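Read the structure below first, then the notes.
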Amino acid sequence: MRVAVFGVGYVGSVTAACLAAHGHDVWGVDVDAGKVDAINAGRSPVIEPGLAEMISAAVVAGNLHATTDPQVALDGADLSLVCVPTPSTSTGSTDLSYVQSAVDGIARALTVARPAASDFHAVVVRSTVPPGTVENVVAPALPAESAGAGMCPEFLREGSGVADFFDPPFVVVGTPDERVGKVVTELFGFLDRSVRVVDVRSAEALKYACNAFHATKVSFANEMGRMFRPFGVDTREVMELFCTDTRLNISPTYLRPGFAFGGSCLPKDLRSLLYLARMNSADMPLLAGTLASNERVVHEVVDRVVATDAQVVALLGLSFKSATDDLRESPSVELAERLIGKGYELRIYDALVNPARLIGANRKHVESKLPHLRRLFTDGPLEALRGADVALVSSTDPAVLDALVANPPRRVVDLSGRLGDDVEALAGYEGVGW
């Protein structure tokens with residue numbers, strides 16, 4: 001394929017060289033003549049292990065070229081990859097001026113450049129951009145009849161970029177245009193990865209989610225070091241052991257949007273850690289923020305109910321998670337208490353919770369929050385839903401799901417993300433975080 005790579009900085013030069021190494025005819029485009037001259041002379045414009053040798057070999061083989069003229073690069077090209085910088089502005093927002101400039105240049109060049117044999121050109125963003133950029137900035141600038149837009153985020157770490165290119169965690173392209181998905185799939189066909197075609201905004205958000213999690217992991221490990229150092233703990237050993245758990249710690253477990261966490265362990269142990277930190281003058285903003293963020297989830301659900309004209313609310317699911325009757329520090333109990341405090345008529349159903357059989361700390365906790373729990377409970381989900389304006393649902397019990405479909409209220413707020421297609425198809429459905 002003939003490929004134009006706009007921007008030959010770190011991401012662009014690695015991308016261009018690796019594609020050229022596998023036989024694609026690659027043209028790098030940059031406004032910086034120094035970078036262009038370096039590539040054409042077989043030199044790398046950036047320092048990256050293995051890249052200089054790869055660029056030199058690709059230039060000698062005739063597969064890699066560079067130019068400052070978009071029209072030259074686009075003559076006969078199948079697609080453009082936009083790899084330009086997206087720096088922060090003084091306010092922290094993303095500066096999209098380089099993306100806009102590159103796309104405008106592509107659009108102008110496409111009006112005069114000889115089209116590819118397919119008579120279709122794909123413009124695919126590799127730069128990290130906020131959700132909505134492809135839809136609102138890239139696509140409107142292109143001729144709709146002969147070009148399509150998409151997003152294919154890169155996951156290249158400086159210092160291992162070449163290795164990362166050939167062994168990526170995944171290859172994702174976001175686009176509403178089937179032709180763009182087909183072109184990108186063909187482009188990366190030499191990689192031992194299937195190409196996942198997803199919603200364009202999901203692809204744009206993915207890189208942010210990944211980088212935010214990586215930053216969180218660094219801060220978490222450092223907070224653990226600050227936390228345990230005064231106790232004579234070598235936190236390197238703690239974290240080495242921590243990472244051997246691939247079932248809960250380094251795994252998909254818990255990494256799913258939904259309602260707040262609760263139960264007998266997580267809130268209690270976080271508070272204990274924060275107390276120890278205070279006693280040892282160790283600042284733990286990440287852990288403190290975790291409790292604050294968790295509380296915010298409950299607060300936002302209450303705000304959603306308040307924003308409606310609802311008077312009767314059905315709460316389907318009361319325990320802190322499914323398959324248990326444990327109500328200790330359940331966010332659903334907290335939610336119920338706040339809604340009652342605001343004057344709503346609340347009806348509760350949980351297939352596993354029997355107020356008459358609660359014992360010990362479980363009973364003590366719920367009685368301190370909901371002293372009239374028995375009066376609020378219903379015998380079944382249909383009874384809870386009868387006359388309800390809003391249903392707040394964390395339970396995935398089949399009887400609950402059937403009742404929602406059979407007797408849907410005006411609004412259903414999914415607190416679990418696991419209610420299934422039939423419930424999600426309801427007119428009033430919305431997710432707690434989607």
Sole miss for Leu273 among (1) closer than 27 Å to Ser322 by Cβ; (2) touching a residue at least 40 places away in the same chain (Cβ under 8 Å); (3) within 21 Å of the chain's Cα centre (by Cα) is condition (3)
Here the qualifying pairs (Cβ atoms under 9 Å; residues six or more apart or on different chains; first in the range 344-370 and polar (S, T, N, Q); second surrounded by 14 or more Cβ atoms within 10 Å (Cβ to Cβ)) come out as Asn354/Asp325; Asn354/Phe377; Asn362/Ser264; Asn362/Asp325; Asn362/Asp326; Asn362/Leu327; Asn362/Arg328
Hey, Pro70 open to solvent by 20 Å² or more (accessible area, probe 1.4 Å), touching a residue at least 60 places away in the same chain (Cβ under 8 Å) and under 20 Å from Gln100 (Cα atoms) or not: yes
Of (1) in a helix (DSSP H, G or I); (2) more than 21 Å from the chain's Cα centre (by Cα); (3) free of Cβ contacts under 8 Å to residues at least 40 places away in the same chain, Asp164 fails just (2)
| request: Would you check if Val301 is surrounded by 14 or more Cβ atoms within 10 Å (Cβ to Cβ) and in contact (Cβ under 8 Å) with a residue 60 or more places away in the chain? | output: yes
Given (1) among the hydrophobic types (A, V, I, L, M, F, W, C); (2) buried (at least 18 other Cβ atoms within 10 Å of the Cβ); (3) assigned to a loop (DSSP other than H, G, I, E, B); (4) within 24 Å of the chain's Cα centre (by Cα), Val413 misses just (3)
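For Ala77, state whether it is in a helix (DSSP H, G or I), closer than 13 Å to Phe6 by Cα and open to solvent by less than 20 Å² (accessible area, probe 1.4 Å). Steps first, please.
On the way: in a helix (DSSP H, G or I): no; closer than 13 Å to Phe6 by Cα: yes; open to solvent by less than 20 Å² (accessible area, probe 1.4 Å): yes.
Judged against the criteria, Ala77 is not a match.
Determine whether the range 215-236 contains at least one residue that is of a type in the set (A, V, I, L, M), assigned to a loop (DSSP other than H, G, I, E, B) and over 30 Å from Ala116 (Cβ atoms). Can you show your working first?
Just the residues of the range 215-236 that are of a type in the set (A, V, I, L, M), to begin with: 215, 218, 221, 224, 227, 233.
Of the ones still in play, those that are also assigned to a loop (DSSP other than H, G, I, E, B) are 233.
Among the residues that remain, those that are also over 30 Å from Ala116 (Cβ atoms) are: 233.
For the range 215-236, residues of a type in the set (A, V, I, L, M), assigned to a loop (DSSP other than H, G, I, E, B) and over 30 Å from Ala116 (Cβ atoms): present.
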Considering the range 143-164, residues that are open to solvent by 30 Å² or more (accessible area, probe 1.4 Å) and among the aliphatic types (A, V, I, L, M), and then whichever is nearest to Leu19 (Cα to Cα), we arrive at Ala163
Taking the range 281-303 and keeping only residues that are over 23 Å from the mean Cα position of the chain (by Cα) and either among the charged types (D, E, K, R) or assigned to a strand (DSSP E or B) (or both), one is left with Asp283, Asp303
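The values are calculated or read from the model by the stated rules, or taken from the named source; none is laboratory data. Please read all numbers here as calculations on a predicted model, not as lab measurements. Cβ sites come from the backbone with ideal geometry, for glycine too, and all protein chains shown count toward neighbours. These accessible areas exclude ligands, DNA and RNA; they are computed on the full protein's heavy atoms, side chains included. Shrake-Rupley method; radii C 1.70, N 1.55, O 1.52, S 1.80 Å.
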